[in-house]
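Engineer: Below are the structure tokens for one structure; questions will follow.
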Amino acid sequence: MPDELSKEYLEEIGTITVRFVFLERALMDTISQLSGVDSQLINRLISTDSFEVLLSKFKKLLLFKFYEIGLKDKSLFTELNSLIKTLNKANDKRNSIIHSFLFQNEDGSIARHKFKRSVNKHHAIDEFETINLKSLQELSTVIMLSTLSLIDFKEKIIGLSLIDKKFKLIPDIIKNSLLNIGKEQTTKKENQET
């Protein structure tokens with residue numbers, strides 16, 4: 001029987017989870033604000049959507065808004081596509097960790113195992129990968145930076161009046177919380193080492 005994960009790995013997986021919730025919430029808020037419809041109604045309609053579905057709705061809504069105002073600036077379309085790729089990549093990497101069986105090997109390394117559907121979807125493929133703490137920390141950072149990219153893009157579309165200016169971005173207190181998630185753990189570890 002494989003050993004359980006160490007406390008450091010569990011803490012980093014927790015950080016990944018919390019940071020991803022911030023990303024998902026920022027995306028849902030942006031969709032809600034772009035729609036111009038009562039946020040309670042929109043949130044009820046999209047609250048059970050997968051991240052992929054939310055991204056699809058976000059892109060469709062923005063493309064409609066771009067068309068509506070007659071936007072001809074190709075750089076925003078390029079930036080939107082780049083943002084969608086970044087958010088998809090963060091989601092895929094997060095899913096590969098969160099939806100896998102994680103265990104510690106006898107040699108102390110950490111591995112993940114996941115059954116994945118084959119391309120033709122007729123059978124499952126075993127997917128194994130050794131992971132390390134650094135790769136989890138990098139994923140946590142990618143998710144945080146993806147959230148900040150979404151916030152920056154949202155600032156641009158507020159400037160185009162696609163979102164009412166009364167909708168303030170994620171308040172600074174939440175933005176600061178996002179940046180500080182996981183720092184407490186690092187600080188604790190540094191203090192324990194000294």
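Engineer: Would you work out if segment 36-91 is rounded, prolate or oblate? Take a ≥ b ≥ c from the square roots of the eigenvalues of the alpha-carbon gyration tensor; rounded if a/c is under 1.5, else prolate when a/b is larger than b/c, oblate otherwise.
Structural biologist: Numbers: a/c = 3.53, a/b = 1.24, b/c = 2.84.
Oblate.
Engineer: Among the listed pairs LYS7/LYS114; LYS7/LYS116; LYS65/LYS114; LYS7/LYS156; LYS72/LYS134; LYS116/LYS154, which have their C-alpha atoms separated by more than 32 angstrom in this model? Don't skip to the end; give the middle numbers.
Structural biologist: Details: LYS7/LYS114 22 Å; LYS7/LYS116 28 Å; LYS65/LYS114 39 Å; LYS7/LYS156 40 Å; LYS72/LYS134 42 Å; LYS116/LYS154 34 Å.
The pairs that break the limit, which is 32 Å between Cα atoms, are LYS65/LYS114; LYS7/LYS156; LYS72/LYS134; LYS116/LYS154.
Engineer: Could you tell me what a quarter of the Cα convex hull surface of segment 14-65 works out to, in nm² with one decimal place?
Structural biologist: Values: hull surface 14.2 nm².
Averaged projected area of segment 14-65's Cα convex hull equals 3.6 nm².
Every number here is computed from the coordinates shown, using simple stated rules; none is lab data. Keep in mind it's a predicted model, so treat the numbers as computed, not measured.
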